[in-house]
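Quick one: structure below, then a few questions.
No lab work stands behind these numbers, since they all come straight from the coordinates. Since the structure is predicted, the reported quantities are computational estimates derived from the model, not experimental observations. All Cβ positions, even for glycine, are placed from backbone atoms using ideal geometry, and neighbour counts span all protein chains on display.
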Amino acid sequence: MLPLISDLQNYSQKNPLEIETADLFLELINSYEDCFTRDCLHAHITASAMIVNQDFSKTLLTHHKALDKWIQLGGHADGEKDALSVALKEAEEESGLKNLKFLSDEIFDLDTHFIPKHEEVFEHHHYDIRYLLQAHDSEEIIVSSESKDVQWIEIERVEKLTTSDSIKRMIEKIQMLQTNS
């Protein structure tokens, strides 16, 4: 059995309000062998990193060029079935950060979202597996060619930059972690 399947099952047990979302991921993985590649044209697995600073007061977001909105760092699995390693690779590539640390190897959040047609790529859905990482906000950031900008944003200001329910949900999860620590 693919380790990601047990990770998704574990996530749904710990997050009962998100069981339906986890089930969508399991259905995609069990139905389409190529779901970790862009060859699965209607939907495919992506992975991303919600990165917080040392005291959880800021998160690192990218202003994505193609989507023209602020989002967490991440991208396509491109055949890799280890979503954890995809999230780390994408976070490093899109931020230039080298000292990223996973706060847990468990899934932090799941989201399915629509990607509109862009140039030669047809509209499709991303099934995004998200992990929580931490970095020092003093480390130098680069802006990759996929981004208009990459910035540390104070948690309280994130809502002013995005209307995304999934970003807001992750911010709420971060704030709950702050409260519980």
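Per residue of the stretch 138-153, what does 6.51 cos²θ - 1.76 cosθ + 1.60 with θ = phi - 60° give for ³J(HN,Hα)? Whole Hz please, x for Gly and Pro, Karplus curve as stated.
8, 5, 5, 9, 10, 10, 6, 5, 7, 10, 7, 6, 9, 9, 7, 10
Whats the longest run of the chain with zero trypsin sites (Lys or Arg not before Pro) that are DSSP loop and have at most 16 other Cβ atoms within 10 Å?
Formally, the longest exposed-site-free interval is 118-181.
I would also like to ask the following. Evaluate the charge dipole of the stretch 36-180 about its Cα centre and quote only its size in Debye, nearest 20, assuming +1 on the Cβ of each Lys and Arg and -1 on the Cβ of each Asp and Glu.
Once rounded to the nearest 20, the dipole reads 260 debye.
Subtracting the Cα-Cα distance from 0.36 nm times the residue separation, let me have the gained length for ARG38 to ILE115 in nm, one decimal.
Fully extending the segment from ARG38 to ILE115 adds 26.5 nm.
Using the charge dipole of the stretch 36-180 (Lys, Arg: +1 at Cβ; Asp, Glu: -1 at Cβ; taken about the Cα centre), state which of TRP70, HIS124, VAL150 has its Cα farthest towards the positive end.
Ranked along the dipole, the leading option is TRP70.
Loop only per DSSP, at most 12 neighbouring Cβ atoms within 10 Å: give me the chymotrypsin sites (Phe, Trp or Tyr not before Pro) in the stretch 104-177, ordered by residue number.
Qualifying residues, ordered by number: PHE122.
For the chain, what is the calculated [θ] at 222 nm in deg cm²/dmol (nearest 500), taking -39500 (n - 2.57) for each run of four or more DSSP H residues and dividing by its residue count?
-10000 deg cm²/dmol
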